[in-house]
Amino acid sequence: MDTKHFCQSCSMPLDKPEMMGTEKDGTRSKDYCTYCYQHGAFLSPGMTLEEMKTLVKTQMEKMNIDSALVKKAVKSLPMLKRWNKVKKPVVA
Ligand SMILES: [Zn+2]
């Protein structure tokens, strides 16, 4: 079974190829969704983590997603590649 992929910017599940963002050469990004990343660049490059938290919360509430799940998604955002600026030791 494939590991489930999530957008490393907004935590949206990347379960369909059309959900994935695109690189400069048109290939699909494995890390980011189409709403965050197109043609090799973020659509909102100046966005902060706090702004993304607000956006994710607003979008999920619009979709009537359970508030516990919304909280969990917002909490997981700082761990994503785009926001996690802390260098972790590489595990071999
Ligand atoms: Zn995204």
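Here, each number is a calculation from the coordinates, and none is a lab measurement. The structure presented is a predicted model; accordingly, all values stated were derived computationally and were not measured. With ideal geometry, Cβ positions are generated from the backbone for all residues, glycine too; neighbour counts draw on all protein chains shown.
Quick notes on this one:
- Residues being within 13 Å of the ligand (Cβ to nearest atom), among the charged types (D, E, K, R) and either surrounded by fewer than 17 Cβ atoms within 10 Å (Cβ to Cβ) or more than 20 Å from residue 84 (Cβ to Cβ) (or both) - total across segment 29-50: 1
- Sub-6 Å Cβ pairs linking a first residue in segment 22-50 that is free of Cβ contacts under 8 Å to residues at least 12 places away in the same chain to a second residue that is among the small types (Gly, Ala, Ser) and within 13 Å of the ligand (Cβ to nearest atom), at least 6 apart or interchain, are 29/21, ordered by first then second residue.
- Residue ID - farthest from residue 48 (Cα to Cα), chosen from residues in segment 1-37 that are of a type in the set (Asp, Glu) and not in a strand (DSSP E or B): 2
- Yes/no for residue 68 being aliphatic (A, V, I, L, M) and exposed (fewer than 11 other Cβ atoms within 10 Å of the Cβ): yes
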